[in-house]
């Protein structure tokens with residue numbers, strides 16, 4: 001897993017500019033490559049040692065720690081979905097010392113289900129479709145080989161997943177009207193394809209496929225930065241971490257849907273409910289009953305930040321609040337610049 005995420009960090013760093021260049025959906029802010037790179041970098045940094053600072057051979061535990069770090073430091077829509085993918089993929093791998101074709105199929109399937117459900121209004125033709133296609137291909141390959149857990153079967157499943165992901169990326173151009181009009185494929189989908197090819201490369205000890213992205217519309221080096229010619233998107237991106245019981249979390253998601261779009265809420269973990277605001281506790285009719293609060297990573301695009309932040313604060317005590325202008329292009333070589341950052 002460490003080799004995988006280290007390789008993905010390097011690869012996304014090398015490709016972030018071209019991914020940014022075709023980033024026009026859901027908003028043309030040209031930062032998908034940067035957001036994925038910075039989020040993967042956070043995940044890779046968490047793998048210097050195993051959970052708790054002790055080395056471990058538990059693939060799921062290691063990947064889960066990386067996923068939690070990615071979620072805490074996720075950037076943008078694409079980075080948040082990658083973190084969701086990583087956390088979910090880790091769950092079927094807990095207790096296992098090596099990856100196998102059956103485990104790969106289970107991990108990818110869990111990840112694609114969780115990623116689709118994290119968004120209030122998931123849209124086909126994005127990195128979600130790419131992940132779904134990869135999971136389906138890995139599952140079909142595993143079924144065809146009757147759950148063979150050999151390294152050879154794992155190689156076949158990884159190849160099938162990457163090939164299916166590539167085909168899904170190509171299809172994105174015709175699945176979303178803005179991409180079709182601009183004659184480009186989905187930026188997040190390309191990023192997920194690269195991440196999956198890095199997994200294949202790291203597990204099999206093979207080189208990355210240099211020709212993998214050849215022919216993808218809008219991705220050639222000489223192609224212009226498509227997003228710079230698109231109309232500016234008004235509004236801001238608000239992200240934070242907050243601890244809420246399930247009912248309050250459902251309320252927050254519903255009300256954020258009313259305020260804006262691109263709503264993502266993904267669970268970070270659980271702990272006994274304490275420290276919530278009175279408003280959060282009041283959503284339960286039985287004030288004496290103990291509540292379990294879950295930590296959530298929240299992401300939303302809204303016209304103005306203030307109503308969204310006020311809503312979030314009315315339900316709990318958020319931390320790591322970031323507010324970014326959607327129309328502000330970001331330099332892929334620099335950290336994302338926010339116009340506000342609270343804790």
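The values are calculated or read from the model by the stated rules, or taken from the named source; none is laboratory data. A quick note: this is a predicted structure, and the numbers were derived from the prediction, not measured. Backbone-built Cβ (ideal geometry, glycine too); neighbour counts: all protein chains shown.
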Please work out which one of (1) under 23 Å from residue 36 (Cα atoms); (2) out of contact with any strand residue (DSSP E or B) (no Cβ under 6 Å at 6 or more places or on another chain); (3) modelled with pLDDT under 95 is the condition residue 120 fails and give its number. (2)
Can you find a residue in segment 96-112 that is more than 28 Å from residue 139 (Cα to Cα) and crowded, with 24+ Cβ neighbours inside 10 Å? no
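Conditions (1) under 25 Å from residue 16 (Cβ atoms); (2) modelled with pLDDT of 95 or more; (3) not assigned by TED's automatic domain parsing to the domain that holds residue 262, marked per residue:
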position	(1), (2), (3)
64	no, no, yes
68	yes, no, yes
72	yes, no, yes
82	yes, yes, yes
106	no, yes, yes
110	no, yes, yes
Given the conditions (1) surrounded by fewer than 15 Cβ atoms within 10 Å (Cβ to Cβ); (2) not in a helix (DSSP H, G or I), which single one is not true for residue 125? (1)
Which listed residue, of 139, 147, 155, is over 30 Å from residue 257 (Cβ atoms) and at pLDDT below 95: 147
How about segment 1-12: which of its residues are surrounded by fewer than 24 Cβ atoms within 10 Å (Cβ to Cβ), touching a residue at least 60 places away in the same chain (Cβ under 8 Å) and farther than 15 Å from residue 63 by Cα? 11
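Looking at the structure I just gave you, is residue 161 without any contact (Cβ under 8 Å) to a residue 12 or more places away in the chain and assigned to a helix (DSSP H, G or I)?
Answer is no for this residue.
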